[in-house]
Amino acid sequence: MSVTDGGRRSGLRTVHVPLADRSYDVLVGRGARHELASLVPPTVRRAAIVTQPGIGVEVDPGVPFDVFQIGTGEDHKHLGTVESLCRSFARVGLTRHDVVIGVGGGMVTDVAGFAAAVWHRGIPVVHVATTLLGMVDAAIGGKTGVNLPGGNGDGGKNLVGAFWQPSGVVCDLDLLATLPPRERRCGYGEMAKYHFLTGDDLLAMDETERIARCVQIKADVVAGDEREGGRRALLNYGHTLAHALEIETRHELAHGEAVAVGLVYAAHLAHVLGRIDDERVRQHYDVVGRAYELDTRLPDSVDHARLLALMGKDKKALSGLTFVLDGPDGVEVVPGVSSEAVLRALDAMAAER
C-alpha cells in the first residue's frame, strides 16, 4: 500500500485502503472536497448529506441531495439520532441505490456511518472529514456507532454500532484553517498515538504528508484486521482510560484530550506491570506533553474506583480488564490485568503532579 497522487488534482494524496471488493480511496490535500463526486458510486441517484449546525461546509456529490442536521455534542450521539435520520431518509425516499455523505467531525461520521449501515440493511457512505481527528482516525476504517446513555452503570461509549466501510473519504486540509485550537489538540492526541505505534516523527513532516501518513498507518492496520480480531485493537492505544474519562467528566474532556491522558496512563500501567522502564514512561510524557503540547494530567475530580469500573466495560475487555500496552516487543493487547495494578498506575500518575 502506498500514498500516491492518484491522478487527481495537483497536490492531492491518495491513500488506498485495500479490502477486496470493499476497497476505497482516502483523498488528502487542499481542495480535496471538490473531488467528492469521484468517490460516489456510479449507481447512486440521490444523496443524503448528514452534518451539524455551524460546520458550514458545502459539498457537491454530483447528484441531487438533501441535507439533514444532527445535534452537536455527545449528548446527541445515541440511537434516537439514528432513528430520526432514518425517518428523514424514508421521508425523502432514499433507496439502497443511494448514498449517505457525512460532513463533519468524528461524531458526524460515526452517526452517519451507522445510519447508512442500518438503512435498507446497508447503503454506501462517503465521509468528508472536517476536523483533524476525523481525518487521521474517526472517518477511516469503517467503525461506526453511538453511545448508550445510562446513569446506572448500563451505559457506555460506542457500545451500539457496526463495521461498515465507506466508499471513500475526503480530507480537505483547507477546512483546518478555521479549526479551533481545542479541535486541533484533539487531532494531536490521535497523532501522538501513531507515534508510539510506529516511532515515526510525524511533526517533522509537512501537514499534507503528516496526515496522509496517519491515514496510511491506519489503512495498513485495517487492511490486515478489519473487524478488530487482533492487530486492529492496537489502534485503541490510550483509549481504555480515555473512554472512561470522557464518561466520568461528562465529556468535559474531549476525545483527543482524553486520549492524550490515556497514552500517558498506559505507560504508567505498563511500568507497574514491569513491561517498560522509567525512561520509556518519560518518553511518553515528552512526546504527548512536550512535542504535541497536550495536557498529560489526570483530572483532580475523577474517582479512581469509578474509572476502574468504567474501564471494565471497555469493548476490548474479553477476559477481565484488557489494555493495549507498550512492552519489550512494542505495543500489544494485554488481557487479564489486575484491578490492583490499574489502581496503582492511577495513583502513580496522580502523584506526577
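What follows is calculated from the coordinates using simple rules that are stated; it is not laboratory data. Everything quoted here is computed from the prediction, not taken from an experiment. Cβ: placed from backbone, ideal geometry, glycine included. Neighbour counts: every protein chain shown.
Structure summary
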item	result
Listed residues 190, 226, 293, most fluctuating in the chain (Gaussian network, C-alpha, under 10 Å)	293
Spin-label proximity, residue 86 to region 32-58 - amide N less than 15 Å from point 7 Å beyond Cα toward beta carbon	none
Added length on full extension, which subtracts the Cα-Cα distance from 0.36 nm per residue, residue 23 to residue 351	113.4 nm
Long-range amide H partners of residue 67 with built H, under 5 Å	49
³J(HN,Hα) computed for each position of region 67-75 - Karplus, 6.51 cos²θ - 1.76 cosθ + 1.60, integer Hz, glycine/proline x	10, 10, 9, 10, x, 9, x, 4, 4
Angle in degrees between helix 106-118 and the longest Cα principal axis of the chain, rounded to the nearest 10	60 degrees
Whole-Hz couplings from phi, Karplus 6.51/-1.76/1.60, listed for region 291-301; x for Gly and Pro	5, 9, 6, 10, 6, 10, 7, 6, x, 4, 6
Residues with amide H under 5 Å from that of residue 162, placed H, sequence gap 5 or more	144, 145
Rounded to 10°, Cα long-axis angle of helix 239-248 versus longest principal axis of the chain	90 degrees
Percentage relative contact order, region 196-353, counting C-alpha pairs under 8 Å, at least six apart	24 percent
Cα shape, region 231-350, gyration tensor, a/c 1.5 rule	rounded
Fluctuation leader among 327, 189, 145 - the chain, Gaussian network, Cα springs under 10 angstrom	327
Dipole moment magnitude, nearest 20 debye, the chain about Cα centre, only Lys, Arg, Asp, Glu C-beta charged	940 debye
Residue 250 paired with residue 95, simple spin-label distance in nm, labels 7 Å along Cα-to-beta-carbon	4.7 nm
Crossing angle, helix 181-198 versus the chain [Cα axis fit, 0-90 degrees, rounded to tens]	70 degrees
Dipole of region 231-350 [Lys/Arg +1, Asp/Glu -1 at C-beta], most positive-end residue of 241, 296, 349	241
Size-normalised alpha-carbon gyration radius of the chain, reference 2.2 N^0.38 Å	0.96
Environment charge at residue 45 (Cβ cut-off 14 Å; Lys +1, Arg +1, Asp -1, Glu -1)	0
Region 3-179: relative contact order in percent, alpha carbon pairs under 8 Å with at least 6 residues between	23 percent
